[in-house]
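See below for the structure under consideration.
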Amino acid sequence: MVSPTKSYRNTFLILLGVLLLIFIINISLGSVYIPLKQLFLAFIDGDVKKESWKSILLNYRLPKAITAIIVGSGLSISGLLMQTLFRNPLAGPYVLGISSGASLGVAILILGASFFGGTMAGFAFSSWGHAIAASIGAFLVLSAVMLAAIKVRNTMSILIIGLMFGSLTASVISVLAYFSSANQLQQYLFWSFGSLGNLSWNEILVLLIIFVIGMTFVIFIIKPLNSLLLGENYAKSMGVNVKRTRNLTLISTSLLTGVITAFSGPIAFIGLAVPHLTKLLFSTSNHKILVPAVAISGAIIMLICDSIAQLPTSEYTLPINAITSLFGAPIIIWLLVRKRKITY
Amino acid sequence: MDLNNQHIIKTSKLSIGYTSKKKVNTIAKNLNIELGKGKLICLLGKNGIGKSTLLRTLTKVQPALSGEIFINNTNLKSLNNVELAKSLSLVLTEHLPESNLSVYELVALGRQPYTNWVGNLSETDLKFIDTAFEQTNTKHLINAKYYELSDGQLQKVLIARALAQNTGIIILDEPTAHLDIHHTIETFALLKKLAKDFHKTIIVSTHEVNLALQLADILWLMTPSNFMADTTENLIENDSLYHLFESDLISFNKTLKQFTLSNSY
């Protein structure tokens, strides 16, 4: 009997270990120095030397680290799904304009709040409002790109179409910005820089709930995604309902990208780069392995990016987008140059 | 009914073609095909004559204009995707999208109609995969990535995938289009073996007319005016092959049982 599929248990254990380590490093870093021992104490029985340390940990660093994990996992999984669905190694939520779609949703909500008036304005600033608006925006752009992709098979054309949708939404946003008050504009601008901090526990709960819903859909399309690796025609011939798979992929990607963008702003390159790094590490295309692997790797990379963004020992924090681009763009260039043929 | 039971594929008054905005483009009509088990069928015809359209219609990729198709005595329309995938598998010409799939994983995908919701392979699945590798003589390739294979090896692996799907019918669309003469003959020999020894019904669209004349049990000839399905001997006997290519350049030589360059050339 031949060996069917490799076991990746050890690699997974190592990855989880790394995730835990980075998580601890991440919450131990910040403008205020907190000794490691106190850090553990804060989580065990709450008996910490200084009350301020506990407050920093529980109300600032821990929520931020959890946000980083959800954002990293969710965006990376979105990227993985798009790369398989579009049969395109360069697809990702940011490149295909999905993040822009989510931005548009939020922009309409923040900048257009004055047009909607009273009750809507209240909804506009609630966390659910942001999440729903961003998901709808993401879904609309993603569906439009998908419709175009059914007509246009060419890899490059699809990327350019995604880019055009990005420009379109950007122009709509500038028109909205033109008619907005300085206050609203500032609010939108800060949001668009991208940030993992400043989320309340309530907002994290919203983020988590939608993340779990999105990931549940993903688990149910693992099998059909594998047959899509051979192309749509083969997938159909193996009994796969391609339309249903495509719709489920669209919904889960929109939910994940939408809710993440709503709370942390448009974050670049994570969705594109992490799946490639994971595929390099695991050397497989099997989604049963890739989905958990990409989720864990995404969390690790996002935590690392966030740790760097805090500029350890300094009181400044860099915009998270600057770090992810700094990390992601060279990786993509390196992959393209090194392998010439990148697989997905 | 007893006679019907032996028909793995049967069509009655089948018309194939395209409908586009009110306009109906019929490619062939009134096709009455009856196919038994364990036959190698070669579908011959000029480029653009509609071979792919016929195969696409038989595999439910596109709808028939009119008439009925029966697979194992069940109307094709009433079969769902998974049921169809258990009676009919495909080998296509199109390039596979880039991926990291190993040969084993690729062949194992053939088990998808049978596996559970997450795609776990059972003992039975493993057995069918193993048999597929044995039948195609590709066991030594299992650990390779599919993109490392030569065209000839890849074709065999794709056939192995179809075999793992464990269907009575395998349909191949120009499987030897990219192959040299050695691998072309090897592929056809494999298909002949699968039909003869393992009772698969194998339908191949091909341009290898001379090879088809020697190996096929049944030929399907498509010409602009006509569709003929019969054994090779009968078609040679009643001079049907003369009409396959209506050209001054090529003609059928009845004594050699081969197509040859015309004297006028």
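One residue alone among A:Leu39, A:Leu29 is farther than 30 Å from B:Ile142 by Cβ, hydrophobic (A, V, I, L, M, F, W, C), in contact with a Pro (Cβ under 9 Å, 6 or more places away or on another chain) and at pLDDT below 90, and that residue is A:Leu29. Of all residues in the stretch B:86-100, those that are more than 8 Å from chain A (Cβ to nearest Cβ) and β-branched (Val, Ile, Thr) have Cβ atoms under 9 Å from Cβ atoms of residues that are surrounded by fewer than 17 Cβ atoms within 10 Å (Cβ to Cβ) and part of a loop (DSSP other than H, G, I, E, B), 6 or more apart or on another chain, in B:Thr93/B:Ala177; B:Thr93/B:His178.
Being more than 11 Å from chain B (Cβ to nearest Cβ), assigned to a helix (DSSP H, G or I) and of a type outside the set (Gly, Ala, Ser) is a condition met by no residue of the stretch A:310-317. Out of curiosity, is B:Lys46 charged (D, E, K, R) and more than 14 Å from chain A (Cβ to nearest Cβ)? Here the answer is yes, as B:Lys46 does meet what is asked. Counting only residues that are part of a helix (DSSP H, G or I) and within 14 Å of chain B (Cβ to nearest Cβ), which one in the stretch A:264-285 is surrounded by the most Cβ atoms within 10 Å (Cβ to Cβ)? Per the stated criteria, the residue is A:Pro275. For B:Lys60, the conditions (1) surrounded by 14 or more Cβ atoms within 10 Å (Cβ to Cβ); (2) more than 14 Å from every other protein chain (Cβ to nearest Cβ) all hold with the exception of (2). For B:Tyr104, the conditions (1) without any contact (Cβ under 8 Å) to a residue 24 or more places away in the chain; (2) within 20 Å of A:Ile222 (Cα to Cα); (3) crowded, with 16+ Cβ neighbours inside 10 Å are fulfilled apart from (1). I need the full set of residues from the stretch B:237-258 which are surrounded by fewer than 17 Cβ atoms within 10 Å (Cβ to Cβ), touching a residue at least 12 places away in the same chain (Cβ under 8 Å) and hydrophobic (A, V, I, L, M, F, W, C), in order please. B:Leu249, B:Ile250, listed by residue number. In the set A:Thr245, A:Thr249, which member is modelled with pLDDT of 90 or more, under 16 Å from A:Gly92 (Cβ atoms) and hydroxyl-bearing (Ser, Thr, Tyr)? From the options A:Thr245, A:Thr249, the qualifying one is A:Thr249. Of all the numbered requirements in (1) under 15 Å from B:Leu191 (Cβ atoms); (2) part of a loop (DSSP other than H, G, I, E, B); (3) facing another protein chain (nearest Cβ under 10 Å), B:Pro175 misses one, and that requirement is (3).
The residues of the stretch A:289-324 that are at pLDDT below 90 and not hydrophobic (A, V, I, L, M, F, W, C), listed by number, are A:Gln310, A:Pro312, A:Thr313, A:Ser314, A:Glu315, A:Tyr316, A:Thr317, A:Pro319, A:Asn321. Checked against (1) more than 10 Å from every other protein chain (Cβ to nearest Cβ); (2) closer than 21 Å to A:Val242 by Cβ, B:Asn137 passes all but a single condition, namely (2).
Scanning the stretch A:66-118 for residues that are under 23 Å from A:Ile219 (Cα atoms) and hydroxyl-bearing (Ser, Thr, Tyr) yields A:Thr67, A:Ser73, A:Ser76, A:Ser78, A:Thr84, A:Tyr94, A:Ser99. Taking the criterion of being among the basic types (Lys, Arg) and at the interface with another protein chain (Cβ under 9 Å from one of its Cβ atoms), the residues of the stretch B:140-169 that qualify are B:Lys145, B:Arg161. When the stretch B:101-113 is filtered for residues that are of a type in the set (D, E, K, R) and more than 7 Å from chain A (Cβ to nearest Cβ), only B:Arg111 remains. Tell me yes or no: at least one residue of the stretch A:313-323 is farther than 22 Å from A:Phe86 by Cβ and in contact with a His (Cβ under 6 Å, 6 or more places away or on another chain). Checking the stretch A:313-323: not a single residue is farther than 22 Å from A:Phe86 by Cβ and in contact with a His (Cβ under 6 Å, 6 or more places away or on another chain).
Cβ-Cβ distances below 7 Å connect the following pairs, each with a first residue in the stretch A:232-256 that is under 17 Å from B:Leu90 (Cβ atoms), a second residue that is of a type in the set (D, E, K, R) and in a helix (DSSP H, G or I), and a separation of six or more residues or different chains: A:Val242/A:Glu232; A:Val242/A:Lys236.
Applying the criterion of being of a type in the set (S, T, N, Q) and within 7 Å of another protein chain (Cβ to nearest Cβ) to the residues of the stretch A:213-237, the residue that is farthest from B:Pro97 (Cα to Cα) is A:Ser237. Checking B:Leu211, B:Leu261 one by one, the residue that is surrounded by 14 or more Cβ atoms within 10 Å (Cβ to Cβ) and not charged (D, E, K, R) is B:Leu211 and no other. In the stretch A:49-97, the qualifying residues are those that are surrounded by 20 or more Cβ atoms within 10 Å (Cβ to Cβ) and without any contact (Cβ under 8 Å) to a residue 40 or more places away in the chain, and the one that is farthest from the chain's Cα centre (by Cα) is A:Leu57.
Taken over the stretch B:20-39, residues that are over 18 Å from the mean Cα position of the chain (by Cα), charged (D, E, K, R) and surrounded by 13 or more Cβ atoms within 10 Å (Cβ to Cβ) amount to 1. A:Asn247 falls short on exactly one of the conditions (1) within 9 Å of chain B (Cβ to nearest Cβ); (2) under 30 Å from A:Ala133 (Cβ atoms), and that condition is (1). Among the residues here, B:Asp130 qualifies as part of a helix (DSSP H, G or I) and at the interface with chain A (Cβ under 7 Å from one of its Cβ atoms).
Name the single residue that is surrounded by the most Cβ atoms within 10 Å (Cβ to Cβ) among those in the stretch A:4-45 being of a type in the set (Gly, Ala, Ser) and assigned to a helix (DSSP H, G or I). Within the stretch A:4-45, the match that is surrounded by the most Cβ atoms within 10 Å (Cβ to Cβ) is A:Ala42. Filtered by the rule that a residue be more than 7 Å from chain A (Cβ to nearest Cβ) and not small (Gly, Ala, Ser), the stretch B:116-127 gives B:Asn116, B:Asn120, B:Glu123, B:Thr124, B:Asp125, B:Lys127. Based on this model, can you work out whether B:Ala212 counts as within 24 Å of B:Thr167 (Cα to Cα), without any contact (Cβ under 8 Å) to a residue 40 or more places away in the chain and small (Gly, Ala, Ser)? So B:Ala212 fails the test.
The values are calculated or read from the model by the stated rules, or taken from the named source; none is laboratory data. All figures in this text were calculated on a predicted structure; none of them were measured in a lab. Don't worry about glycine lacking a Cβ; one is built from the backbone with ideal geometry, like all the others, and counts go over all protein chains shown.
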